[in-house]
Each structure stands twice: as C-alpha cells, then as structure tokens.
Amino acid sequence: MTSAFCMYCSADLTDYSEDTILGTDEQRGDTQRSSPSHASTPVENTTTGEKPLLDPDGAGSTFLTAVVGLVGGFVVGVLLLLFVTGMLSAALGVATGFLVWLGTTIYFARRRTVQEAVSKAAYGIALALLLYALIPFSSTWEANSLSTRLTDFVGLLVILAIPVAIVAGVGRLAGRYVPADDTQS
C-alpha cells in the first residue's frame with residue numbers, strides 16, 4: 001500500500017488493503033470493481049489529528065462567514081438602493097436598500113460555511129447587477145418609443161452579461177467547495 005489516507009478527501013485508508021478495496025475475483029466478478037465506503041468530507045485529518053483550516057464549526061469559519069455576510073449584504077443593499085432610487089424615488093430606494101441590506105446580511109451570515117456564504121453572496125450580487133438592465137423601462141429614461149427602450153434594454157443586458165457572468169462564476173466556484181452537511185439525513 002502506498003498511502004495511509006486519500007489525498008482528495010482525507011479518508012483514513014489504513015484499514016484497507018488491495019484485496020478489500022478491489023475484492024477477489026469471486027467477490028467482484030470480472031466486470032465490476034468495488035470501492036470502499038467512507039465519509040466524503042471528514043471532520044479531521046486522521047493521519048495528523050488536525051482539524052481543517054475552515055472547519056464549519058470553528059471560530060475562524062464563523063468569523064469569516066459573518067464578514068462575508070456583512071460585505072455581501074452591504075453590496076447587494078447598495079446596488080438595490082441605487083437601482084430603486086433610479087427607477088422610482090429616493091425614499092423608496094433608501095427604504096428598499098436598507099431592508100434588502102438587512103435581509104441579505106442576515107441570510108448570508110447564517111450560512112453554515114464560508115464557501116456557502118461566498119456562493120450565495122456572489123449569486124445575490126449577480127442578480128442585483130442583472131436588474132440594472134431594466135432601467136430603460138423606468139419613467140426617468142428618455143426614450144420616445146418602445147422599440148428604443150427595448151434596444152436599450154438589450155444593449156444594457158449585453159454590457160452587464162460580462163460582470164454578471166464573472167460574479168456568478170465566482171459563486172459557482174465557491175459552491176463547488178461547500179462541504180456536505182453531515183447533520184441532515
């Protein structure tokens with residue numbers, strides 16, 4: 001055997017040998033291979049006894065999740081404050097921005113892991129940016145016809161597609177590293 005743990009998921013492999021992993025010819029037949037069943041995301045590295053850096057139950061992860069929640073909620077709140085102010089009025093913009101800031105901050109900060117908070121915050125920012133394509137349909141937009149408004153809408157949508165795709169890509173990438181929740185059945 002060449003290693004005592006899996007380098008991808010840190011599972012302890014000291015109990016396994018080549019026969020238990022692959023099985024004998026009678027156990028597996030000639031067409032199948034069996035694989036060991038182990039936890040996909042262990043809580044600690046069994047070879048060194050250390051917990052991972054961003055342990056979901058650790059103080060560092062909790063602090064970083066709160067920071068990501070505050071920053072992500074603030075960015076989404078400011079984006080929606082500016083959007084609603086431009087679309088409707090300043091009073092509605094401030095009220096909406098403040099309420100969205102509070103709501104999204106609470107939502108993002110209550111995520112289980114930092115990776116999940118980053119993922120949700122990035123998706124929220126991407127959605128808030130995407131709303132800016134609706135500005136040509138506001139009463140403050142100077143356009144004489146519906147065709148001009150539709151053309152402006154499509155133009156803004158194309159312009160906003162690049163930053164929205166980048167931010168949503170960050171959310172997707174962070175979401176790939178969210179550890180599985182072992183408490184749910």
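The values are calculated or read from the model by the stated rules, or taken from the named source; none is laboratory data. Computed from a prediction, not measured in an experiment: that's the story for all the values here. A quick note on method: Cβ atoms are made from the backbone with ideal geometry, for glycine too, and the neighbour counts reach across all protein chains shown. All accessible areas refer to the heavy atoms of the entire protein, side chains included, with ligands and DNA or RNA removed. Shrake-Rupley method; radii C 1.70, N 1.55, O 1.52, S 1.80 Å.
Observations
- Restricting Ala143, Ala174, Ala126 to those that are open to solvent by less than 50 Å² (accessible area, probe 1.4 Å) and under 16 Å from Leu80 (Cβ atoms) reduces the list to Ala126.
- Listed conditions (1) closer than 30 Å to Phe153 by Cβ; (2) surrounded by fewer than 19 Cβ atoms within 10 Å (Cβ to Cβ); (3) touching a Pro at 6+ places or on another chain (Cβ under 8 Å) are all met by Val78, apart from (3).
- Residue check for Thr140: of a type in the set (S, T, N, Q), part of a helix (DSSP H, G or I) and either within 23 Å of the chain's Cα centre (by Cα) or farther than 19 Å from Ala66 by Cβ (or both): no
- For the stretch 85-102, filtering for residues that are small (Gly, Ala, Ser) and free of Cβ contacts under 8 Å to residues at least 12 places away in the same chain leaves 4.
- Test set (1) of a type outside the set (Lys, Arg); (2) assigned to a helix (DSSP H, G or I); (3) farther than 13 Å from Ala174 by Cβ; (4) open to solvent by less than 30 Å² (accessible area, probe 1.4 Å) - Val100 fails condition number: (4)
Yes/no matrix, rows are residues, columns are (1) open to solvent by less than 60 Å² (accessible area, probe 1.4 Å); (2) β-branched (Val, Ile, Thr); (3) touching a Lys or Arg at 6+ places or on another chain (Cβ under 7 Å):
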| site | (1), (2), (3) |
| --- | --- |
| Leu70 | no, no, no |
| Gly73 | yes, no, no |
| Thr85 | yes, yes, no |
| Ala91 | no, no, no |
| Phe108 | yes, no, yes |
| Arg111 | yes, no, yes |
